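Step one of this worksheet: look at the structure below.
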Amino acid sequence: MQLVLFGALFPPQWLLPYRTAMALGLSPAAVCQCFTLVALCTSIADPNWINVQNGTDPHGKQLIYGVAFTLHAGQNLTDTAPLGGPNGLGMWLLYVLAAFSYASVLASGCSFLLDFLGVGFTHSRVVASFHVSTVVLCLIVLGVAGTCLYVIEHNVQNGRWGSLWDHPSTPPYGLQTYPGESMIIEMLAILFSLGAAAFSLRCPPEPTTPSRYLSVESEDGETEPLIGGLGEQSAETFPTEQS
């Protein structure tokens, strides 16, 4: 964050053409993408993507699966039964979920940073492609999470309940599998990313051109410089030497 603020206050030479665009404030697409980035980071930090617990015992055990579970998969081998084991389909789906979650954060961060720096004023298609890519990655994350939820529920119904049930001689009852709050936050991220993509495609920022001097010849043959700015053009007459 400190680097972003420093770059906004003291932009390098290659960002000078975008200083006017940056001074106008954030575009609607950048604002939506900012909320998308916050929601994605929150969903990753929250470990509860999928929850499995015994509904008949309010104080019973419960298992929580998500992106954080994959970071400590080596220490959670006893809780991988609903996933199909350490090498089961559910475990591999969690790895895919983590990979696409971090990819969506990277795409969202790049989209917001490019829009914040004003690159959309000259390369609107590039910025719009990043916004659309963020939407696609978020949808993939939600699809993988839903598939993993289905696999876990199927495994629990087939007797792979692991440490959730302490009486292996009797079948379990009351085991519930439902999505956690991280999946709901992911849905919010999809809504914000859709808004960002819609704004970038329907309302692209107008292209700007850097200021330049144009030579205009008056009626008496004298040459007067014309200053072309961003937006309106203003003309100034400078004293010229007559030959």
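For this structure, a couple of remarks:
- Per-peptide packing, taken as the mean over residues of other Cβ atoms within 10 Å, places 194-200, 113-119 in the sequence 194-200, 113-119 from highest down.
- Note on Thr42 and Leu201: the model spin-label points, each 7 Å out from Cα along the C-beta direction, lie 2.6 nm apart.
- Residue separation of Leu89 and Lys61 scaled by 0.36 nm, minus their Cα-Cα distance, works out to 7.8 nm of gained length.
- Each peptide in 41-52, 82-93 receives the mean, over its residues, of other Cβ atoms within 10 Å, and ordering these scores from highest gives 41-52, 82-93.
- Estimated distance in nm for a label pair at Met187 and His123, the labels positioned 7 Å out from Cα along Cα-to-Cβ: 3.6
- Peptides ranked, highest mean first, by Cβ atoms within 10 Å: ranges 29-40, 100-111, 177-188: 29-40, 100-111, 177-188
Bear in mind that the values in this text are calculations on the coordinates, not laboratory data. Since the model is a prediction, treat every value here as computed from it, not as a measurement. When we count neighbours, we look across all protein chains shown, and the Cβ atoms used for this are built from the backbone with ideal geometry, even at glycine.
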